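One structure is given below, encoded as structure tokens.
The values are calculated or read from the model by the stated rules, or taken from the named source; none is laboratory data. Only a predicted model underlies this, so the values are computations on that prediction, with no experimental measurement involved. Positions of Cβ are generated from backbone atoms using ideal geometry, with glycine treated the same way; all protein chains shown enter the neighbour counts.
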Amino acid sequence: MKQKKKGAVELSITTIIIIVMGITLLILGLGLISKIMSGTGDLTTKVIGNADAMIDNLLIDSKFTMPGQVIIEQGKVTTVLVTVGHDGSTVQGPAKFKVQLQKNFPNGIDETMVLAEVITPETVINEGQQAKFTIKIAASSNAPITTGMNAAAYSVVVTANGQPYDQGAFIINIQKGKGIFGIL
């Protein structure tokens, strides 16, 4: 009888060790897969950004291009490029262009949760040329998860020599920040 109990205890310890090792490998495997998938998403974003930049270079006569939506994780910072082309329709010759932001937040969201700012200074653009302006966007770790109608938004106003030139807007969709091993 004593031998059966000893065997049963050894068997249960071995089983527990195998289960713990299996769970550990499962968690590490999920973390690796999640990291690979998020890297693929980042790569896709960069490729699309490069394609947009190439298209923008072909469309110098366009006045103003920018994304209509920005996706950001809680606790992260990202940048967006705004391309301004001087087509000569509003002002002629070299002109000083400036990009300004005006917030449009729904109830429950304020600048302590989501903040965007233009980090490129006022720039002189010659007629027929274009320039890129960078907008930095940050979402705090306690920013609410948003999509569509409840998302924070910014109006973008472009001026040339202090006069209105063009305008647009973008919304900021906030996604849940990723935890340990990149797992949600």
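Of the strands (runs of 3 or more DSSP E) lying entirely inside region 129-182, not one is found with 3 or more residues being in contact (Cβ under 8 Å) with a residue 24 or more places away in the chain, out of contact with any His (no Cβ under 7 Å at 6 or more places or on another chain) and at positive phi. Can you tell me which of Thr123, Thr112 is without any contact (Cβ under 8 Å) to a residue 40 or more places away in the chain, under 15 Å from Lys63 (Cβ atoms) and surrounded by fewer than 19 Cβ atoms within 10 Å (Cβ to Cβ)? So the residue among Thr123, Thr112 that is without any contact (Cβ under 8 Å) to a residue 40 or more places away in the chain, under 15 Å from Lys63 (Cβ atoms) and surrounded by fewer than 19 Cβ atoms within 10 Å (Cβ to Cβ) is Thr123.
Where residues in region 65-109 are within 19 Å of Ser140 (Cα to Cα) and among the hydroxyl-bearing types (Ser, Thr, Tyr), which of them is surrounded by the fewest Cβ atoms within 10 Å (Cβ to Cβ)? So the residue we want is Thr79. Scanning region 85-100 for residues that are closer than 20 Å to Ile71 by Cβ, at pLDDT 90 or above and assigned to a strand (DSSP E or B) turns up nothing. Residues satisfying the criterion are absent from region 156-170 (criterion: in contact with a helix residue (DSSP H, G or I) (Cβ under 9 Å, 6 or more places away or on another chain) and either over 26 Å from His86 (Cα atoms) or of a type in the set (A, V, I, L, M) (or both)).
Kindly indicate whether Leu81 is within 28 Å of Val47 (Cβ to Cβ) and without any contact (Cβ under 8 Å) to a residue 40 or more places away in the chain. In short, no.
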